[in-house]
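Student: Sharing a structure, written as structure tokens. Questions coming.
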Amino acid sequence: MAQKTLPTDVPVEDFLAGLDARRASEGGELVALFRDVTGEEPVMWGPSIIGFGEYEYTYASGHSGVWPKAGFSPRKAELSLYGLQTAEGAIELLDRLGPHRRGVDCVYVRRLDAIDRDVLRELVALSWKHYSSH
């Protein structure tokens, strides 16, 4: 089966401009934070994920693909932050992040202004280092 979510040529700024004012502002703030931590420029992955860098993965089933090393999606109800739970030490940082919920690979945040940005910065850096070493 072909991978569904891949990098696109859609400008991140165009995507953010189509969001409501709060999500567009939060998205812009996250782009700046992720860009600063990773040193990478943002790229749209599929219709709604903003990713930084990429890595290749292969599951035990043989399925393989590429995915952003760091990324997020400013969805209507919540911000989805990808890959922040995997690295050693991430769970301890998540405990200090502020209000959020955890999925399999996502951290969901309702409001960016409710979480600790310094902890988020540490999480992104930890995740970036983890995925850059694989």
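What follows is calculated from the coordinates using simple rules that are stated; it is not laboratory data. The structure presented is a predicted model; accordingly, all values stated were derived computationally and were not measured. Ideal geometry is used to build each Cβ from the backbone, glycine not excepted, and the neighbour counts take in all protein chains shown.
Student: Using only alpha carbon pairs under 8 Å that are at least six residues apart, calculate the relative contact order of the chain and give it in whole percent.
Tutor: Result for the chain is 20 percent.
Student: Now for a different question. Quick one: grab Rg to one decimal and Dmax as a whole number for segment 12-132, Cα atoms only, in Å.
Tutor: 13.7, 42
Student: Here's a follow-up. Need one number: nm distance between label points at Ser25 and Glu41, each 7 Å from Cα along Cα→Cβ, rounded to one decimal.
Tutor: 2.8 nm
Student: Place a +1 charge on the Cβ of each Lys and Arg in segment 1-101 and a -1 charge on the Cβ of each Asp and Glu, then give the dipole magnitude about the Cα centre in debye, rounded to the nearest 20.
Tutor: Here the size comes out at about 380 debye.
Student: Describe numerically, in nm with one decimal, the distance between label points set 7 Å from Cα along Cα→Cβ at Ile91 and at Asp14.
Tutor: 4.3 nm
Student: So for the pair Ser132, Asp118, with labels modelled 7 Å out along Cα→Cβ, what separation do we get in nm?
Tutor: Roughly 2.2 nm, to one decimal.
Student: Next question. What list do you get for Lys129, Lys4, Lys69 if you sort them by fewest beta carbons within 10 Å?
Tutor: In increasing order of surrounding Cβ atoms, one gets Lys4, Lys129, Lys69.
Student: Taking the alpha-carbon distance from Lys129 and a cut-off under 23 Å, which lysines remain once sequence neighbours fewer than 8 residues away in the same chain are dropped?
Tutor: Lys129 reaches Lys69.
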